[in-house]
1. Could you figure out which of (1) of a type outside the set (A, V, I, L, M, F, W, C); (2) surrounded by 11 or more Cβ atoms within 10 Å (Cβ to Cβ); (3) modelled with pLDDT under 80 isn't true of SER61?
2. Which pairs have Cβ atoms under 9 Å, sit 6 or more apart or on different chains, and link a residue in region 17-39 that is surrounded by 14 or more Cβ atoms within 10 Å (Cβ to Cβ) to one that is of a type in the set (D, E, K, R)?
3. Would you check if there is a residue in region 42-52 being part of a strand (DSSP E or B) and at pLDDT 80 or above?
4. What number goes with the only condition from (1) on the phi < 0 side of the Ramachandran plot; (2) surrounded by 13 or more Cβ atoms within 10 Å (Cβ to Cβ) that VAL14 does not pass?
Amino acid sequence: MRLGNFIIDAKKPVHVAWWSQEFGVSEQLLLNAIAAVGERSDAVSDYLKKQGLKHSVDSGSTTVTTQT
């Protein structure tokens, strides 16, 4: 899926719920990302990756990694 083609409307709970599940992050973290980089899904994805958040496909959980 090309994420740049989609807008995440933070005012619509269904968008927030769907995209937070898609990215494997909490709704609050998704809203923080939208506030930081805007509503384009590719920008949100890049932001989450740069923040050190990694979605675990196997378990569906989010792992926070830190750089040392």
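1. (2)
2. TRP19/GLU27; SER20/GLU27; GLY24/LYS54; VAL37/ASP46; GLU39/ASP9
3. no
4. For VAL14, the failing item is (2).
The values are calculated or read from the model by the stated rules, or taken from the named source; none is laboratory data. Just so it is clear, the structure is predicted and the values come from calculations on it, not from any experiment. Here Cβ is always computed from backbone atoms with ideal geometry, including for glycine, and neighbour counts include all displayed protein chains.
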